[in-house]
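The structure under discussion appears below in the form of structure tokens.
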Amino acid sequence: MALAALFGFLYLSLLLSYVPKYSIDVPAEVYFEFPRAHDQKIPLMFAEAIHDRLPSRVGRDSWGWHFSDRPPLQAGFVLLFSPLWTLLARPIAYQAIATALQTSCLIAGWMLLRTLGFRYRETLLAVVAAGASGFLYYNSVYAWPKLLAATFVLVAVAPLAKAFLDGTRPGPPAAAISAAAAALAMLAHGGAIYSLVPLAILLCLRIARLFSLRAFAIGAATIVALYGPWIAYGRYVDPNTDRMLKEHLTGYDSPEPFGPALLRVYRETTAGDWALERVHNVRKQFRDPDHDRLIIQVARGVHDARLQALTQLESSTGIKAERLRFDLVSLGALLRTDQREICSGRSAC
Amino acid sequence: MNLAWPLLILLLLRRRFPGLDPPLVFLLALSVLTSVWWSIAEFVGGTTVIAHSSFAMVLIAFLSAAIILARVSDRLAMIVVAANAALGGVSWVVLGPGPYWSEPRNNLAAVAAVAGAAAIVAFTCALFRAETRIGAGRRTDPLENRA
């Protein structure tokens with residue numbers, strides 16, 4: 001926990017050192033040549049809308065999004081700490097809380113590794129390695145709640161993986177803790193589902209030996225109790241159109257409901273095309289040939305001035321072609337973009 | 001850190017503890033399965049960029065990679081972790097943030113950042129030293145008994 005606090009302090013200090021006066025937009029604008037989406041401030045906007053009872057707390061914004069399109073956990077934490085707003089400006093108070101929440105994934109990582117029986121030395125090294133990575137730094141100051149979701153995923157994994165590996169049954173308390181953590185992960189960021197489903201698939205290998213009916217019922221009840229109200233909020237208080245689900249799982253937003261939209265896109269796709277797209281998805285996790293070529297072009301140009309004229313620079317995500325030069329600053333921007341936008345397979349390196 | 005993946009072969013061949021034991025296999029299986037499931041679920045090809053991913057997958061893969069390195073060689077792991085931290089520092093701090101780098105900066109925060117980094121290094125070294133002392137007295141970590 002002390003390590004996580006120290007890393008949080010380091011991240012915040014680094015962020016604040018970039019500009020003489022902090023604003024909430026700094027994390028989205030300061031790291032890349034082209035400002036990124038300001039997703040990191042949505043939890044603060046939601047919290048402020050509720051705290052100040054603004055009419056905008058429900059309904060569509062000018063970009064067509066509802067607050068209920070994105071899960072509320074980080075906004076909830078911000079509201080919990082809203083008394084701080086009397087002492088500190090809201091943006092800086094939010095940034096401190098949000099960064100602290102993201103760095104909690106180091107605590108969860110420590111807990112997971114020690115629960116599974118990894119040696120103290122290995123655990124310490126792994127946690128320090130994660131904390132010292134650019135991936136964790138950036139995603140803690142650009143504090144969209146993805147690392148917060150990861151925290152709860154790791155907490156959910158720990159007791160279940162321990163029981164799975166020991167061949168024992170988790171008792172009702174362990175089942176309740178895992179279920180609560182899974183629900184909180186989903187309440188932090190919907191992307192957690194990409195880890196929770198594979199966890200469930202793995203556990204299915206020993207499902208009969210792993211779960212008693214009682215533990216299963218307690219887990220299910222915990223999930224319904226925690227996640228149900230948010231579903232109801234998105235249906236009845238601030239009805240949304242499942243835009244996030246549609247954009248990810250059907251490819252684009254459409255006026256029809258999510259279920260029919262999903263069925264339609266799969267009906268319209270041939271098995272061959274679907275398989276090709278899956279291969280493309282797998283490849284994309286490890287390589288982006290255009291971006292790789294751009295990095296190599298700039299690196300070669302930095303290394304040998306004669307090669308600068310032979311290359312042609314192109315724009316890429318987060319990069320402005322007109323700003324790109326054959327120098328280390330441009331190379332740094334490309335490497336940061338690689339970790340922020342491109343390949344998860346290389347993100348931590 | 002990606003050096004860990006080819007070195008995984010060494011752990012596969014190693015019989016004695018700590019090799020590729022069930023907890024590590026579990027974490028690696030979870031990462032691989034997440035990667036496959038994510039590729040299946042994202043409908044449009046080429047949209048599996050990190051911004052759309054589950055960061056738990058990235059973290060678990062990262063922690064696993066560090067553990068693989070530590071099991072191959074403690075010294076190698078420390079060198080790789082230090083090199084990775086240095087690369088992160090260069091690409092995220094020294095070479096950036098691009099458009100704002102020439103602007104006036106908050107020097108107090110910069111000093112705090114240096115102090116924070118020094119505190120992390122000192123604290124980590126102290127934990128390593130304490131663990132080495134305790135480990136030498138105890139010979140083994142109690143949790144290793146399961147192996």
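The values are calculated or read from the model by the stated rules, or taken from the named source; none is laboratory data. Fair warning: this is a prediction, and the values are worked out from it, not measured in the lab. When we count neighbours, we look across all protein chains shown, and the Cβ atoms used for this are built from the backbone with ideal geometry, even at glycine. Heads up: the accessible areas ignore ligands, DNA and RNA and are worked out on the full protein's heavy atoms, side chains in. Shrake-Rupley method; radii C 1.70, N 1.55, O 1.52, S 1.80 Å.
Among A:His248, A:His66, the sequence by solvent-accessible area, most first, with a 1.4 Å probe is A:His248, A:His66.
Taking all protein chains together and rolling a 1.4 Å probe, A:Glu256 ends up with roughly 50 Å² accessible.
Phi angles of the stretch A:257-273 translate, via the Karplus equation with coefficients 6.51, -1.76, 1.60 and θ = phi - 60°, into HN-Hα couplings of x, 4, x, x, 5, 5, 4, 4, 5, 6, 5, 7, 9, 7, 4, x, 4 Hz per residue; Gly and Pro are given as x. The relative contact order of the stretch A:2-257 comes to 21 percent, based on Cα pairs under 8 Å that sit 6 or more residues apart. Using the Cα centre of the protein assembly as shown as origin and beta-carbon charges of +1 (Lys, Arg) and -1 (Asp, Glu), tell me which of A:Gly76, B:Val80, B:Ile40 is placed farthest towards the positive end of the dipole. Value computed over the given set: B:Val80. Dividing the summed -39500 (n - 2.57) terms of all DSSP H runs of n ≥ 4 by the residue count of the protein assembly as shown sets its mean residue ellipticity at 222 nm at -20000 deg cm²/dmol.
Couplings for the stretch A:185-200, taken from phi via the Karplus curve 6.51 cos²θ - 1.76 cosθ + 1.60 with θ = phi - 60°, read 4, 5, 6, 8, 7, x, x, 4, 4, 5, 9, 6, 5, x, 4, 4 Hz in order; Gly and Pro are left as x. Each Lys and Arg adds +1 at its Cβ and each Asp and Glu adds -1 at its Cβ; summed about the Cα centre, the stretch A:2-257 shows a dipole of about 860 debye.
Relative contact order, percent, of the stretch A:5-133 when contacts are C-alpha pairs under 8 Å separated by at least 6 residues?
Relative CO of the stretch A:5-133 lands at 25 percent.
Note on A:Ala232 and A:Arg306: with the Förster distance fixed at 51 Å, the Cβ-Cβ geometry gives a FRET efficiency of about 0.20.
The mean number of Cβ atoms from other chains found within 10 Å of a Cβ in peptide A:98-106 is 1, as a whole number.
Axis angle, to the nearest 10 degrees, between helix A:213-232 and the longest C-alpha principal axis of chain A: 60 degrees. For the pair A:Ser23 and A:Ser62, the difference between a 0.36 nm per residue extended length and the Cα-Cα distance amounts to 11.8 nm.
The trypsin sites (Lys or Arg not before Pro) of the stretch A:51-117 that meet both conditions, a loop assignment by DSSP and at most 12 other Cβ atoms within 10 Å of the site Cβ, are A:Arg53.
Applying a DSSP loop filter and a limit of 11 other Cβ atoms within 10 Å to the trypsin sites (Lys or Arg not before Pro) in the stretch B:1-87 leaves B:Arg15, B:Arg16.
Of the residues B:Thr48, B:Thr132, ranked by 1.4 Å probe accessible area with the largest first, the sequence reads B:Thr132, B:Thr48.
Summarising the amide proton neighbourhood of A:Asp288: residues at separation of 5 or more, or on other chains, whose placed amide H is nearer than 5 Å comprise an empty set.
The chymotrypsin sites (Phe, Trp or Tyr not before Pro) of the stretch A:172-270 that meet both conditions, a loop assignment by DSSP and at most 15 other Cβ atoms within 10 Å of the site Cβ, are A:Tyr252.
Counting only alpha carbon atoms, the long axis of helix A:2-17 and the longest principal axis of chain A meet at about 40°.
Between B:Ala122 and A:Leu88, the C-beta separation translates, for a Förster distance of 41 Å, into a calculated FRET efficiency of about 0.90.
FRET efficiency for the pair B:Val25 and B:Arg75, taken as 1/(1 + (r/R0)^6) with r the Cβ-Cβ distance and R0 = 25 Å, rounds to 0.50.
Inter-chain Cβ neighbour count for A:147-154, averaged per residue, equals 4 (cutoff 10 Å, partner chain atoms only). Couplings 3J(HN,Hα) for the stretch A:143-160, derived from phi with the Karplus relation 6.51 cos²θ - 1.76 cosθ + 1.60 (θ = phi - 60°), are 8, 6, x, 6, 6, 5, 4, 4, 3, 6, 4, 4, 5, 5, 5, 3, x, 5 Hz, where x marks Gly and Pro.
Modelled this way, with points 7 Å down the Cα-to-C-beta line, the labels at A:Tyr266 and A:Asp327 are 5.3 nm from one another. Peptide B:21-30 shows a mean partner chain C-beta count of 5 within 10 Å per residue C-beta.
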